[in-house]
Structure formats: C-alpha cells, structure tokens
4 protein chains.
Amino acid sequence: MSDFKQIYDALIKFRNERDWEQFHNPKDLSLAISIEASELLELFLWKKAEDANIEKIKDELADVFSFAFLLADKYKLDVKEIVLDKISKNAIKYPVEKAKGNAKKYNEL
Amino acid sequence: MSDFKQIYDALIKFRNERDWEQFHNPKDLSLAISIEASELLELFLWKKAEDANIEKIKDELADVFSFAFLLADKYKLDVKEIVLDKISKNAIKYPVEKAKGNAKKYNEL
Amino acid sequence: MSDFKQIYDALIKFRNERDWEQFHNPKDLSLAISIEASELLELFLWKKAEDANIEKIKDELADVFSFAFLLADKYKLDVKEIVLDKISKNAIKYPVEKAKGNAKKYNEL
Amino acid sequence: MSDFKQIYDALIKFRNERDWEQFHNPKDLSLAISIEASELLELFLWKKAEDANIEKIKDELADVFSFAFLLADKYKLDVKEIVLDKISKNAIKYPVEKAKGNAKKYNEL
C-alpha cells in the first residue's frame with residue numbers, strides 16, 4: 001500500500017468514526033488549514049527559527065497536512081499531480097536566469 | 001520511486017536551480033505555508049463552498065503542500081509518520097463516544 | 001466628530017454604495033481579516049523586518065483595520081472598550097513579575 | 001484625550017511594564033496580527049456565523065486590534081489617515097457601477 005493511501009485511510013477512518021464528514025465542506029476545510037498553519041506559525045513568534053520546539057512543530061505540521069489531505073480527498077485531487085503541475089507553472093513565473101539568488105515575487109522580477 | 005520521493009525531488013530541484021535554500025529557514029517556510037493557506041482561503045471569501053473555482057483551488061492547495069513538504073524536508077520529518085502519530089494523539093483528545101457527530105473543540109467536549 | 005466615527009462613516013458609505021452588506025456576515029468578515037493579515041505578513045516573507053516596503057505596509061495594515069472595524073460595527077462593539085478589557089485580562093495572564101523580559105506564552109510562564 | 005490616545009497609552013504601558021518592546025519588531029508584530037486573526041477565525045470553524053460565541057469574539061478581535069495598533073505605532077502611522085487613504089484607492093479599484101451588488105475581486109470585475 002502506498003504512503004498516500006495509508007495516510008488517507010487513517011484520516012478517513014478517524015473522521016468517519018466521529019461522523020465528522022458533515023462538517024468537512026471545502027470552505028471550512030480551508031479555514032482549518034489556515035488555522036493550523038497559524039498554530040504552526042505561532043511556534044516561531046517572537047523567536048529565531050532555531051529556537052522553536054521541534055516536537056510541537058511535528059504536531060502542528062501534521063495538522064496542516066491532515067486537513068490539506070482531507071481537502072485534496074474532497075475534490076479527488078492527486079497530490080503528486082497538482083504539486084508537479086504547480087512546479088511547472090512556477091518554472092515559467094520564476095525563470096532561473098531572473099529568479100536565481102533573489103527572493104522577489106514574480107511580479108517584481 | 002515513491003510518490004513522496006518524486007515530490008521532494010521536484011521541489012528541491014526547483015529550489016536549488018534558483019539558489020533559494022538560503023531563504024528557506026523554518027520560520028519563513030512557516031510564514032509561506034500560512035500565506036499560501038490564506039490564498040487558498042481567499043478563493044472561498046464571500047462565497048458558498050460550491051462556488052469556488054476548482055482550478056484555482058488546485059494551484060493554491062499545491063502551494064500549501066509544497067511549502068509544507070519543504071518544511072518537513074528541512075527537519076527530515078517523515079510525513080506519513082507525523083500524520084499517523086498525530087491521529088493517535090487526536091484519538092485520545094477526541095474519544096469517539098464524546099466527539100461523535102459534534103464539532104466541538106476537545107477542551108469543550 | 002471623533003476619529004472612530006469618521007472611519008466608520010467612510011467604511012460604511014463605501015460598503016453601502018456597492019451594496020456589499022449582503023456579503024458581510026461575521027464569518028466572512030473574519031475570513032477577510034485573516035486574509036488581509038496574511039497579505040501584510042507576505043510583505044515580510046524571506047526578509048528582515050527592516051527591508052519591508054512601508055508604503056505597502058500602510059495599505060495592507062489599513063485593510064486589516066478596515067475589516068476589523070466592519071466586524072466591530074457588525075456586533076456594535078466599542079473598540080476602545082474591548083481593547084481595554086482585554087488588556088485587563090492579559091494583565092492577569094501575564095503578571096509583570098513573571099512575564100517581564102521574556103516572550104513565553106502564558107501557559108508556559 | 002482621544003479614544004486612539006487612550007488605546008495607545010494602555011497598550012504601550014502594558015508592553016513597557018513587561019519589557020516586551022525588544023520582541024516587537026514589525027515582522028513579528030505582523031505574525032502576531034495574523035495569528036490572532038486566525039484565533040478569531042477559529043471561533044467560526046465548522047459553524048454558521050450566528051453560532052459563534054460573542055464573548056470570545058470580543059477577546060480575539062481585541063487582540064487583532066491590539067497588535068494592529070502596536071504595528072501602526074511602530075511606524076508612527078495615523079490609523080484614520082491610512083484607512084481613509086485606502087478607501088480612496090479602493091474606490092478606484094472598485095468603481096460603484098462595476099462593483100455594485102457583486103463580490104468579485106477587482107481583477108475579475
């Protein structure tokens with residue numbers, strides 16, 4: 001069984017045992033991703049990157065992934081496919097010769 | 001090659017061609033996850049869930065995954081492992097008999 | 001006319017001329033605050049604080065304030081009152097003798 | 001004393017008693033605004049707008065305002081001025097005849 005399949009199976013089993021699919025419309029799932037991303041961010045607040053607590057980072061990053069996978073599942077998206085597609089688009093927005101070594105946004109390159 | 005491996009290889013190749021690792025400290029990667037999650041969320045603003053544009057959702061969700069994978073890579077975390085571990089923790093915070101069919105936070109159950 | 005009154009009058013005139021109150025339920029207003037806060041945050045992404053563009057900060061911070069005022073108006077909250085009330089609560093959560101000179105969260109003090 | 005002045009005085013007194021200005025660089029203040037906006041948003045997660053807890057909304061909205069005022073103070077921005085300026089800009093991006101009664105983003109009008 002693939003890694004992705006194991007993750008989806010575990011997430012959906014957890015959700016279904018609690019009868020939570022009724023709450024998981026795509027808008028609220030997107031809220032949840034954003035809220036979890038913010039809890040991850042809070043681990044770095046007022047701190048240098050290296051002072052954040054790695055155990056807490058694992059938990060909060062796992063929450064971000066969990067809701068992101070649940071949203072992908074909702075639309076039956078293939079995570080590998082959408083990420084590789086987006087990298088192709090970004091390669092056009094950020095051509096190597098312009099973007100190399102600088103962190104400007106594509107519309108400022 | 002596993003799906004995860006293909007994703008990481010593509011993301012890291014894209015990053016290294018542009019010499020961007022210098023910017024990708026964990027704090028700024030967490031900012032990036034949060035910013036992309038917010039761009040995803042914006043696709044639902046003032047709308048019902050079903051009126052959001054699915055093509056744009058693919059792009060923004062891909063961005064969330066991309067930075068989440070890059071942060072996982074930074075700490076050498078195994079995504080499957082952290083997600084399954086978090087599900088185990090959540091199973092304790094949200095016991096089926098209390099959580100079934102309601103969307104309350106664990107500290108309000 | 002007070003500063004607050006001038007702000008509310010301008011925001012509500014702008015909203016009503018466009019017949020936008022129909023979209024401004026508290027949930028979507030909170031989404032909007034979060035999205036604007038993220039656009040503000042993006043001005044600091046991959047950068048040191050001092051390298052952010054002050055003109056853009058003005059615009060994005062103004063957007064955060066605008067939706068925050070519109071949400072306060074929705075519930076007829078007095079901004080001064082809720083801020084002063086919250087400071088009183090925070091004074092208990094963060095007693096000077098424990099919190100002085102450190103940035104820990106109240107549950108870690 | 002103006003409402004704004006009272007708010008700033010209370011916030012800065014609270015901050016200075018705890019010797020927290022050292023942590024309040026603009027980047028971390030923007031993180032804080034975003035994190036508080038997300039805590040506000042969480043009050044609406046999986047819910048209809050009208051089911052959110054108004055007492056908690058007061059607290060979280062107060063936190064958003066507090067950090068937004070502290071960031072404004074950091075740059076010595078006049079909140080009324082930046083909000084009115086942004087409304088003027090938005091009036092151009094969202095002309096009444098195009099924007100009336102619809103919630104599209106300016107680049108889709």
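The values are calculated or read from the model by the stated rules, or taken from the named source; none is laboratory data. All values reported here derive from a predicted model rather than from experimental measurement. In this analysis, Cβ positions are derived from the backbone assuming ideal geometry, glycine residues included, and neighbour counts consider all displayed protein chains. Surface areas here come from the heavy atoms of the whole protein model, side chains and all, with no ligands, DNA or RNA. Shrake-Rupley method; radii C 1.70, N 1.55, O 1.52, S 1.80 Å.
Structure notes:
- Nearby lysines by direct alpha-carbon distance to B:Lys98 (threshold 19 angstrom, same-chain neighbours under 8 apart not counted): A:Lys13, B:Lys86, B:Lys89, D:Lys47
- Cα centre as origin, Lys/Arg/Asp/Glu Cβ charges: the protein assembly as shown dipole, Debye: 0
- Summing Lys and Arg as +1 and Asp and Glu as -1 over all other residues whose Cβ lies under 11 Å from the Cβ of A:Leu40 gives a net charge of -3.
- Take A:Ala103, push a point 7 Å out from Cα through the beta-carbon direction, and compare it with the same point in every other copy: 1.6, 3.4, 3.6 nm, smallest first.
- Most positive-pole-ward Cα, C:Ala91, C:Pro26, C:Tyr75, against dipole of chain C from beta carbon charges: C:Ala91
- Whether chain A is rounded, prolate or oblate, judged on the alpha carbon gyration tensor where a/c under 1.5 counts as rounded: oblate
- Leaving ligands and nucleic acids aside, the B/A contact buries around 5600 square angstrom of accessible area in total at a 1.4 Å probe radius.
- Other copies of C:Lys74: label-to-label distances in nm, shortest first, labels 7 Å along the beta-carbon direction: 1.9, 2.7, 3.3
- Rolling a 1.4 Å probe over the heavy atoms of the protein chains gives chain D an accessible area of 46 Å² per residue.
- Distance (nanometres) between label positions extended 7 Å along Cα→Cβ at B:Asp51 and B:Lys93: 3.3
- Projected over every direction and averaged, the convex hull enclosing the alpha-carbon atoms of the protein assembly as shown yields 20.8 nm².
- Theoretical ellipticity at 222 nm over chain B - DSSP helices of four or more residues, -39500 (n - 2.57) apiece, nearest 500: -21500 deg cm²/dmol
- Modelled this way, with points 7 Å down the Cα-to-C-beta line, the labels at C:Lys5 and D:Leu84 are 1.4 nm from one another.
- Helix axis angle, A:79-93 relative to chain A longest principal axis, alpha carbon, degrees: 20
- Cβ-vector label at 7 Å, D:Glu21, separations to other copies in nm: 4.1, 4.3, 5.7
- Between 0 and 90°, nearest 10: helix D:54-74 axis offset from chain D longest Cα axis: 80
- The charge dipole of chain C, taken about the Cα centre with unit charges on the Cβ atoms of Lys, Arg (+1) and Asp, Glu (-1), comes to about 620 debye, rounded to the nearest 20.
- Here the chain A residue lying nearest the rotation axis onto B, judged by its C-beta and given with the distance in whole angstrom, is A:Ala37, 2.
- Counting Cβ atoms of other protein chains within 10 Å of each residue's Cβ and taking the mean over peptide C:93-106 gives 3.
- Across the accessible surface of segment C:1-77, with the other protein chains kept in place and a 1.4 Å probe, carbon and sulfur atoms take up 50 percent.
- The angle between the Cα long axis of helix B:26-42 and the longest principal axis of the Cα atoms of chain B comes to about 60 degrees, rounded to the nearest 10.
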